[in-house]
Amino acid sequence: LPKASFDLYSTTKSGIHPPTRAILRFMSQVVVANAKRRLQYPLRRMLGVAAVGLILSRWAVWQAKRKNQLSYNEKSEIVGNIMQKLKGLLGTYSGPCWLPFGLLQTALTEVLPKPQLPFRREVMRLPVFKRARHARSCCPEEVPEGIVSIDWLESEDKDAPIVIIVPGLTGDSSSGYVARVAKSLWTGSGGKFRIACYNPRGRGGNAVETPFLYSVGYTEDLRRVVDHIADDYPNSCLVAAGFSLGSNYLAKYVAEEGANCKLTAAGCFACPVDCLNCSHNLATTFVGKLSDPLLVSFCQKVRSGLDHILKNDPRYDIAKIAEAKTMHDFDGAVIAPMFGFSTASEYYRWSSAGLLLQDVRRPILFVHAQNDPIINASMIKTDDFARSEFLIHCLTYEGGHSMDWCKNVGLNPWIGDVASEFFMAAIENRRLLRH
């Protein structure tokens, strides 16, 4: 080779030609980079699989939490036969996917559209009722006369089962959740039910003539309404669906009547069960403190229309009532003295349906939501339900204190479907009830 070419390929002190050294360096870098990539691919795959597994496991745990939690006595023949028909309870209730949090789901019930229903009104004038006070009755020695009403949705079958709907605090047949559930039971059952929406004293347009209303534990007015319906329709099975405050005195009424109860079954939805704990929840939890003023505002609105009656009764201090900012203060100033109690706490204690659950002799379905801002579901003990032959408890993951438990994307009440299944199953098994 020419000398110039030879110089180009001449060696250096390291013994490797410079161009060769550059090529080797480049090749070594390629090999190392390739090796790193090959090592990274399995690592990435492993990390990917681990991430997917973690997500799936968390989703499985979340789904398990969302699944309806049921408590009942598996050895009870009555409850066992009913549970076989309750498809709605055995799955998972899913609230509106676009509306998280119990407080928002509770507020939803106030803004949803309300169906217009062809009610037929029946007005009942209740006479004065005298009774020696019993600790369990929450009934004063003398109940003044008053006016209640029933709004009916008729059926072609005059002997069809009748569902009595008992509203919650400040509720009546015009309340959205009552109207939606009434429509669901009336139309969704294919005409199997007649609906009787109960309007207590001072609600649903009922005139108030005396300083006496209704409460979470008072059952005498409901008892007289049930007796009246049973006398007028002796061939019809009677069942009842109660909501919030109304569900507590419905459950209490069923327990007080025992084996003589004229109802075949009852559904108690968002039931306080323990009113003292419910009051504590409103006073101490974050969502409770947000809900309490709203409840008081509803009650104050009703009270403002009754000042002309309350002011003439020495038991009530109108100024003190108007200043009440919590339900505890309001009940202590108005409801407790109205029903013969000295304090709100005494009134709550003796009004609680939980004191009487052991006396129930008719199937009752209780449904609560874990994210209810008013009723702390964690305070409701399930051992009463697990031992009773007549009680079923369902705890949903969502629902708030909405009362109708709106279905996922749609707005139809899930509780209407559940109540329909439960009532039909209870009616089919009424032969097992001891009268």
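The values are calculated or read from the model by the stated rules, or taken from the named source; none is laboratory data. None of these values were measured; they are calculated from a predicted model. In this analysis, Cβ positions are derived from the backbone assuming ideal geometry, glycine residues included, and neighbour counts consider all displayed protein chains. These accessible areas exclude ligands, DNA and RNA; they are computed on the full protein's heavy atoms, side chains included. Shrake-Rupley method; radii C 1.70, N 1.55, O 1.52, S 1.80 Å.
Summary table
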{"read-out": "Matching residues, region 372-389, being part of a loop (DSSP other than H, G, I, E, B), modelled with pLDDT under 90 and not hydroxyl-bearing (S, T, Y)", "value": "N376, I380, K381"}
{"read-out": "Failed condition for V166, given (1) among the β-branched types (V, I, T); (2) modelled with pLDDT under 95; (3) in contact with a Ser or Thr (Cβ under 8 Å, 6 or more places away or on another chain)", "value": "(2)"}
{"read-out": "For E154: the one exception among (1) open to solvent by less than 10 Å² (accessible area, probe 1.4 Å); (2) touching a strand residue (DSSP E or B) at 6+ places or on another chain (Cβ under 8 Å)", "value": "(1)"}
{"read-out": "Test: residue in region 189-202 that is in contact (Cβ under 8 Å) with a residue 60 or more places away in the chain, touching a Cys at 6+ places or on another chain (Cβ under 7 Å) and within 19 Å of M403 (Cβ to Cβ)", "value": "no"}
{"read-out": "Residue within region 201-215 that is within 16 Å of F422 (Cα to Cα), aliphatic (A, V, I, L, M), touching a helix residue (DSSP H, G or I) at 6+ places or on another chain (Cβ under 8 Å) and crowded, with 20+ Cβ neighbours inside 10 Å present", "value": "no"}
{"read-out": "Helices (runs of 4 or more DSSP H) wholly inside region 273-359 that include at least 1 residues being touching a Gly at 6+ places or on another chain (Cβ under 7 Å) and not β-branched (V, I, T)", "value": "275-284, 344-351"}
{"read-out": "The one condition in (1) surrounded by fewer than 19 Cβ atoms within 10 Å (Cβ to Cβ); (2) within 30 Å of L295 (Cα to Cα) that D159 fails to fulfil", "value": "(2)"}
{"read-out": "Every pair of residues 6+ apart whose Cβ atoms lie under 8 Å, when the first sits in region 390-418 and is farther than 14 Å from H368 by Cα and modelled with pLDDT under 90 while the second is polar (S, T, N, Q) and surrounded by fewer than 24 Cβ atoms within 10 Å (Cβ to Cβ)", "value": "K407/S94; N408/S94; N412/S184; P413/S184"}
